[in-house]
1. Rounded to the nearest 500, what is the 222 nm mean residue ellipticity of the chain from helices alone, with -39500 (n - 2.57) per DSSP H run of 4+ residues and division by all residues?
2. With just the Cα atoms defining each centre, how far is the range 107-137 from the range 79-93? Give it in Å.
3. Have a look at 51, 108, 130 and report the one farthest towards the positive end of the charge dipole of the chain, computed about the Cα centre with Cβ charges (Lys/Arg +1, Asp/Glu -1).
4. Using the alpha-carbon atoms, what tilt in degrees (0 to 90, nearest 10) does helix 36-45 show relative to the longest principal axis of the chain?
5. For the chain, compute Rh as the Kirkwood radius over C-alpha pairs and then the Stokes-Einstein diffusion coefficient at 25 °C and 0.890 mPa s; write the answer in µm²/s, rounded to an integer.
6. With labels modelled as points extended 7 Å from the Cα through the Cβ direction, what inter-label distance (nm, one decimal) is found for residue 107 paired with residue 49?
7. Just to be sure I understand: of the beta bridges DSSP finds with both ends in the chain, what percent are antiparallel, rounded to 5?
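Derivation of every value follows stated rules applied to the coordinates shown; laboratory data play no part. Being a predicted model, the structure only gives us computed values, none of them experimental. With ideal geometry, Cβ positions are generated from the backbone for all residues, glycine too; neighbour counts draw on all protein chains shown.
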Amino acid sequence: MLLAQENPSTTIQATQKQALLLGQCSPKQLEQEPFAKWFLPNFEKYQVDSSLIPALKKAFKGKRMEFFVGTWCGESRADMPGVLKILQAAKVDSSQFKLIFLNNSGTMNRQSPGHEEEGKNIVRVPTYILYKGKKEIGRIIDAPKESFEKDLLKILTGKPYTPHFSELVL
């Protein structure tokens, strides 16, 4: 179903007795229980704006994306499957994106075991950061302003874009 991505991950039991993914993980792990119960329905129900897929496919050339999400976060659960479906429709290679799952408790709040979030000012989850080379070219914070397809296309093509909550980050 999803593009293969081989990366290490950690699954832990949180204090709420809820399984969490932490660190860099493969989308395939979301197809396994207990994550599949929310991931698969949200992936299937997302309606990709197919009219923008050719432009997104072209615009993603030479770019990459990092997802900072949490399996504990309602908005990550609701939105991240759709973003993955967009990437699949645009045939974005799995080497061009990373899923990084953050913790939600104590001193590790908004952190991953590998600290991939360090220096990236992740204040809201989900946060999707787009890069050209090593340079950040934009981010979607929490939710898109128009749609994921339109917002991604604006960022990828260099059009002006200011994310929600930009006052906290930029």
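1. Estimated from H runs of four or more residues: -7500 deg cm²/dmol.
2. Value for the Cα centre distance between the two parts: 19 Å.
3. 51
4. Between the helix axis and the principal axis of the chain, the angle is about 20 degrees.
5. For these conditions, the coefficient is 152 µm²/s.
6. 4.4 nm
7. 75 percent
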